[in-house]
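Take a look at the structure below.
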Amino acid sequence: MHKQPDKGRQIYAALVAILGWLAVALQFYLIIDNRATTVPETVIRFFSFFTILTNILVAWCFTNQWLKANEDGTRFFARPTTLTAVTVYITLVGLVYNLLLRFLWHPQGLQRIVDELLHSVIPVLVVLYWGIFVPKSDLKWKDTFSWLLYPLVYSLYIVIRGAWSGFYPYPFIDVTKLGYSSALLNSAGLIMAFWLMSLLLVAVGKFTSPKYSSTV
């Protein structure tokens, strides 16, 4: 027999899912409406932003949490390891944007609202969800290595496509301006940041778990 869903968790997940899909859809409309190249190239560029891909991942994950909240945590998107990895990704989206990119442009109107949703509101909501609802006691240090696969594959894709198209979605990986050495060094630094954030969340999970607390 399935347990009754936690209504608070379900409502919270629904909020994040709806905001996530709304923000991604509005950003897609804005980038198409303000495109400076062909529609096909604009669409490819849209899906070349780590912010967009990660917010889609968040929206999909939380939609799954919302609609299947009465099922156990064995499904992929309900596993604590998956939810923690997603939290790492969206947390870095928020940190990198707000520390490195926010002051490079000044969006107005609807673009500003969408910008805040993608880079601030949703990251904060996901971190809070992780802190409140995600079981953490079984997180393992070794999990942090598999979580790096997504940013590694993304970095590889950007370098390969950028060499062909000349388009780089972020200035700190723009090979045409920085050269390969600096761009790859920046990418390596970001991968390290992902790993350190992963270690931090696993540490928080372990040190706040009942098993750990009972031994200290």
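The values are calculated or read from the model by the stated rules, or taken from the named source; none is laboratory data. Being a predicted model, the structure only gives us computed values, none of them experimental. Here the Cβ is made from the backbone with ideal geometry for all residues, glycine too, and neighbour counts use every protein chain on show. Each accessible area value is taken on the protein alone, full model and side chains, heavy atoms only, with ligands, DNA and RNA left out. Shrake-Rupley method; radii C 1.70, N 1.55, O 1.52, S 1.80 Å.
Within segment 154-170, is there a residue that is within 28 Å of Arg35 (Cβ to Cβ), assigned to a helix (DSSP H, G or I) and within 14 Å of the chain's Cα centre (by Cα)? Within segment 154-170, one or more residues are within 28 Å of Arg35 (Cβ to Cβ), assigned to a helix (DSSP H, G or I) and within 14 Å of the chain's Cα centre (by Cα). Pairing each residue of segment 79-93 that is without any contact (Cβ under 8 Å) to a residue 12 or more places away in the chain and outside any helix (DSSP H, G or I) with any residue that is of a type in the set (Gly, Ala, Ser) and open to solvent by 10 Å² or more (accessible area, probe 1.4 Å), provided the two are 6+ apart or on different chains, yields C-beta distances under 9 Å for Arg79/Gly73.
Does Phe50 qualify as being surrounded by 20 or more Cβ atoms within 10 Å (Cβ to Cβ), of a type outside the set (Ser, Thr, Tyr) and over 18 Å from Gly205 (Cβ atoms)?
Values: surrounded by 20 or more Cβ atoms within 10 Å (Cβ to Cβ): yes; of a type outside the set (Ser, Thr, Tyr): yes; over 18 Å from Gly205 (Cβ atoms): yes.
It is true that Phe50 is surrounded by 20 or more Cβ atoms within 10 Å (Cβ to Cβ), of a type outside the set (Ser, Thr, Tyr) and over 18 Å from Gly205 (Cβ atoms).
Name every residue in segment 127-156 that is open to solvent by 50 Å² or more (accessible area, probe 1.4 Å), under 14 Å from Trp195 (Cα atoms) and either modelled with pLDDT under 95 or of a type outside the set (S, T, N, Q) (or both), in order of residue number. Residues satisfying the conditions are Lys140, Trp141, Lys142, Phe145, Leu149, Tyr150, Leu152. Tell me, yes or no, whether segment 49-59 has at least one residue that is under 15 Å from the mean Cα position of the chain (by Cα), not in a helix (DSSP H, G or I) and not acidic (Asp, Glu). Yes, segment 49-59 has at least one match.
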